[in-house]
1. Select from Glu118, Glu101, Glu64 the residue whose mean-square fluctuation is largest in a Gaussian network model of the chain (Cα-Cα springs shorter than 10 Å).
2. Can you give me the angle between helix 29-38 and the longest principal axis of the chain, using Cα atoms only, in degrees from 0 to 90, rounded to the nearest 10?
3. I'd like the orientation of helix 125-135 relative to the chain: the angle between its Cα long axis and the longest Cα principal axis, in ° from 0 to 90, rounded to 10.
4. Count the lysine pairs in the chain whose Cα atoms sit under 22 Å apart, keeping only pairs 8 or more residues apart in sequence or on different chains.
5. If R₀ is 30 angstrom, what is the calculated FRET efficiency for the pair Trp7 and Gln104, using the beta carbon separation as r and rounding to 0.05?
Amino acid sequence: MADETEWQYLYLCKPELIEAAIAVRGKGFPLDLLRSHFQLRPSAHVIRGEEGYLLVVDENDRNENPRLGKVEAVKCTSVEADHIFTQEISTWSLKDYQGIETIQGATALVKLGIVKREDLQHCSGAIRDAFVSGDLGL
C-alpha cells in the first residue's frame, strides 16, 4: 500500500543559519530545535532544497498544529525559524565553534559574522580559510 500522506513544504530561514547549527550542534539539531519550538509530530523532517532548507510536515501538523497555523505557516515559518536559530546562535561562544572543520559550516559561520578576526588564531584551518575567502570576496 502506498503512503498517502500529504506533505507540506515550508521554507525555513537563510541556509547559513541551519548550516552553522549543523556544524556546531550536529546534523539532527535543527530539526530538534524546530520540533521543540513548533511542537511538531515525529513525522516532521528538514530537507535541503535548491533554494535552501525546508521543513516538511504532514497534513496534521500543517492543519491542526496551532504553532504552525493554516494560512500563516507559509508566511511566518521562515521568519520564526530565523528568530529561533539566531537566538540559539547568540548563546554560542568561541569554544563552541573553534574546531569546526567542514567547509560548509565554516563558511556559514563566517558569512553570519560569528567568527571575528581576533578569534582566528584559536580556530580551525577550515574557518581561517573561509574567513580569508570572505575577505577576498571568493
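Just so it is clear, none of the values below were taken in a lab; they were calculated from the coordinates. Quantities reported herein were computed from a predicted structural model and do not represent experimental measurements. Cβ: placed from backbone, ideal geometry, glycine included. Neighbour counts: every protein chain shown.
1. Glu118
2. Once rounded, the angle reads 40 degrees.
3. 90 degrees
4. Lysine pairs satisfying the spacing and distance rule in the chain number 8.
5. 0.75
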